[in-house]
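What follows is one structure encoded as C-alpha cells, with my remarks underneath.
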Amino acid sequence: MDVLYVDFDGVLHPGEVWYEYGMREPRLRTPGHRLFESLPVLEEAIAPYPDLKIVLSTTWVQTFGFEKARDRLSESLQRRVVGTTYDLDSPNAWRFSRMRRYDTIAQDVAKRKLVRWLALDDDALGWPENESEALAFVPSNLGLQCLTSQEQFRTRLAARFP
C-alpha cells in the first residue's frame, strides 16, 4: 500500500487556527484565507496516483474525532482515507500530543509495514536527514497555496510513487 500522510493546519490552510472548547467551528486567524482552501490543490496533485491512500496525521483527529476530521475533506479524498496516526485505543494515546510529527508517522509506518510513503506537513522538527525525501514540506503561513511547495510536492510524489 502506498500512503500519503496529511496534516491539516499549515498544509490545507494556514496554520493560525483557533479553537476553544464549545465552539462549533474552528476559526482561521489569517485574513484572506479560509479553512481547507487547498483541498483542490491536493486533489489535483494526487489525481495521477489513484491507488494512493491517505492517513491523517493531524491533531484534528485527537480534537474532533476521526470521522469529523475525515469528513472535512472532499468526498474524493475521503474515499482514500484508510486511517490516522492517532489511535485513541492505544495505551500510548496520551503521548500523541507530546510526540514530534515525524515520530507519530514513523510509528504508523512501522505498524502498517509500509515501504512507500510520503508526508505532507508544515512540521519538519525532528525529521531525520536520511528521511528528508519522505517529507513534502510546506510553509505554515501559506500551506499548499505556496507555489514552490506545490512544485516540490508533485516532484516528491513522482519520485516516491513512480
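The values are calculated or read from the model by the stated rules, or taken from the named source; none is laboratory data. Just so it is clear, the structure is predicted and the values come from calculations on it, not from any experiment. Positions of Cβ are generated from backbone atoms using ideal geometry, with glycine treated the same way; all protein chains shown enter the neighbour counts. Remember, those area values only see protein heavy atoms, side chains included, never the ligands or the DNA or RNA. Shrake-Rupley method; radii C 1.70, N 1.55, O 1.52, S 1.80 Å.
Tabulated data
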{"read-out": "Sequence of Met1, Met23 when ordered by accessible area, the most exposed leading, probe 1.4 angstrom", "value": "Met1, Met23"}
{"read-out": "Amide hydrogen neighbours beyond the local backbone of Thr84, cut-off 5 Å, H modeled", "value": "Leu56"}
{"read-out": "Accessible surface of the chain, 1.4 Å probe, proportion on carbon and sulfur as whole %", "value": "49"}
{"read-out": "For the chain, built as a Gaussian network whose Cα springs stay under 10 Å, the top-fluctuating residue of Glu131, Glu44, Glu20", "value": "Glu20"}
{"read-out": "Alpha carbon centroid spacing (whole Å) that separates the range 140-162 from the range 1-55", "value": "14"}
{"read-out": "Thr85 - accessible surface, heavy atoms, 1.4 Å probe, Å² rounded to 10", "value": "20"}
{"read-out": "Label of the coordinate-derived value, Cα extents along the principal axes in Å, listed as (1) 44, 40, 30; (2) 47, 37, 27; (3) 69, 31, 26", "value": "(1)"}
{"read-out": "Packing-based ranking, highest mean first, of 137-144, 149-156 given that Cβ atoms within 10 Å are counted", "value": "137-144, 149-156"}
{"read-out": "Contour excess over end-to-end distance, with Cα ends at Asp51 and Phe64 and 0.36 nm allotted per residue", "value": "2.0 nm"}
{"read-out": "Residue-averaged [θ]222 nm for the chain, counting only DSSP H segments that reach four residues, each worth -39500 (n - 2.57)", "value": "-8000 deg cm²/dmol"}
{"read-out": "Burial ranking of peptide ranges 69-82, 116-129 (average Cβ count within 10 Å, highest at the top)", "value": "116-129, 69-82"}
{"read-out": "Probe 1.4 Å, protein heavy atoms only - accessible area per residue of the range 119-161 in square angstrom", "value": "50"}
{"read-out": "Solvent-accessible heavy-atom area per residue, rounded to whole Å², over the range 18-66 at 1.4 Å", "value": "59"}
